[in-house]
Amino acid sequence: MVRPIRIVVGILCLLTVFACSRGRRNSGEDKLIVLGYSQLGDESTWRTRNSLSITEAAKEAGIKIMFEDAMQYQANQIKALRSFIAYKVDVIAFSPLVETGWDTVLGEAKAAGIPVILVDRMIHTKDESLYACALSSDFTLEGRRAGEFLIKKYKNDPGPINIVEMAGTAKSTPAIGRYEGFREVLSAYPKFKVIFSEDGDFMASKGRELMQKVLTRYDPKDIDVIYSHNDDMTFGAIEVLREAGIKPGKDIAIISVDATQRSINYLKVGMINCVIECNPNSGPQVMELARKIVAGEPVSKRTYIEETTFDEFGAVDAIPNRGY
Ligand code: AHR
């Protein structure tokens with residue numbers, strides 16, 4: 001006959017095992033995390049590197065990733081987010097193509113209890129509870145850095161200094177920040193004049209088109225500076241300048257954002273004068289945020305990625321290999 005004391009001890013053991021296994025699962029350490037990731041496209045060298053950083057970091061962290069490329073269409077991103085919600089992923093992360101138009105789908109994610117991480121770009125919303133946290137570059141700071149370089153370069157030049165701006169995708173966070181930060185610092189110096197500013201969608205082909213358009217409109221002698229919101233547009237524009245017999249970096253100063261290896265190479269040979277870094281290697285930080293959120297640990301609402309500037313006034317030959 002089984003004694004009552006043994007039954008009580010047996011029940012206590014079972015309860016202990018159950019409690020321990022629940023505790024482990026809730027800590028997020030054992031559980032396989034499923035992350036739905038919507039990338040906005042593959043428009044640039046930066047973006048290709050960013051996608052690789054995300055997928056490699058997921059593999060490294062043992063996180064199962066469902067990765068969707070929206071090919072620069074917001075509708076595709078919304079569709080991908082809905083498919084992640086239907087699949088009941090543990091966490092969603094995405095790089096929003098533009099800032100507006102996300103409230104409805106993010107409301108659906110919130111109703112389904114799925115936390116959302118914004119990566120690279122931000123959204124414009126009145127309801128900050130629609131996302132758990134954001135990890136991005138400080139695009140306004142990047143724009144300010146571009147302006148500060150010009151103030152330094154032309155400090156002894158009375159002006160006017162005529163600037164052509166090739167902007168990124170309209171209504172996207174980097175285009176807004178790089179436009180505003182640049183003007184913020186230059187507004188105190190009336191000698192700087194932006195004579196042309198148009199959107200080139202962060203693509204080399206559009207950089208070419210924009211520069212061809214600029215050269216039909218202006219005498220190259222009247223252009224002092226090209227401020228390009230990303231390297232790929234810069235590369236497209238440089239091709240056109242060279243075809244027209246104009247020396248990039250010498251006849252016209254060039255500021256480019258991203259700091260891919262090719263733009264650093266151009267800086268080293270004097271074809272670009274200033275490169276503002278935008279760091280695409282956010283993968284490990286995204287995975288860490290996903291792990292913490294699933295484990296119920298606190299995360300900062302906004303994290304900025306560390307970045308720097310490389311320019312002709314620095315030791316350009318000492319810039320380490322970028323790897324992309
Ligand atoms: O959002 C980051 C920007 O998007 C990068 O500067 C650009 O190259 C990319 O396409």
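The values are calculated or read from the model by the stated rules, or taken from the named source; none is laboratory data. Predicted, not measured: the structure shown is a model, and the values here were computed from it. With ideal geometry, Cβ positions are generated from the backbone for all residues, glycine too; neighbour counts draw on all protein chains shown. What goes into the accessible areas is simple: the full protein's heavy atoms, side chains included, and nothing from ligands, DNA or RNA. Shrake-Rupley method; radii C 1.70, N 1.55, O 1.52, S 1.80 Å.
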>> Quick test for you: out of 168, 207, 200, pick the one residue that is free of Cβ contacts under 8 Å to residues at least 40 places away in the same chain, within 21 Å of residue 277 (Cα to Cα) and touching a strand residue (DSSP E or B) at 6+ places or on another chain (Cβ under 8 Å).
In response: 200
>> Of everything in segment 300-324, what is outside any loop (DSSP other than H, G, I, E, B) and aromatic (Phe, Trp, Tyr)? Give them in sequence order.
In response: 304, 310
> Of the residues 263, 172, 228, which is hydroxyl-bearing (Ser, Thr, Tyr), open to solvent by less than 10 Å² (accessible area, probe 1.4 Å) and closer than 24 Å to residue 123 by Cβ?
Replying inline: 172
> Filter segment 103-121 for residues that are buried (at least 20 other Cβ atoms within 10 Å of the Cβ) and part of a loop (DSSP other than H, G, I, E, B); which is nearest to the ligand (Cβ to nearest atom)?
Replying inline: 121
> Among the residues of segment 175-200, which ones are more than 19 Å from residue 237 (Cβ to Cβ), within 16 Å of the ligand (Cβ to nearest atom) and open to solvent by less than 20 Å² (accessible area, probe 1.4 Å)?
Replying inline: 177, 181
>> I'm told residue 213 meets every condition in (1) open to solvent by 10 Å² or more (accessible area, probe 1.4 Å); (2) touching a Lys or Arg at 6+ places or on another chain (Cβ under 7 Å) except one. Can you identify the failing condition by its number?
In response: (2)
> What's the number of the condition residue 205 fails, among (1) closer than 24 Å to residue 123 by Cβ; (2) within 15 Å of the ligand (Cβ to nearest atom); (3) surrounded by fewer than 24 Cβ atoms within 10 Å (Cβ to Cβ)?
Replying inline: (1)
> Applying the selection to segment 134-169, what residues are open to solvent by 10 Å² or more (accessible area, probe 1.4 Å), within 16 Å of the ligand (Cβ to nearest atom) and of a type in the set (A, V, I, L, M)?
Replying inline: 141, 167
>> Within segment 279-286, does at least one residue satisfy the condition of being under 19 Å from the mean Cα position of the chain (by Cα) and open to solvent by 70 Å² or more (accessible area, probe 1.4 Å)?
In response: yes
>> So residue 297 passes all but one of these: (1) outside any helix (DSSP H, G or I); (2) open to solvent by less than 70 Å² (accessible area, probe 1.4 Å); (3) not aliphatic (A, V, I, L, M). Which condition number does it fail?
In response: (2)
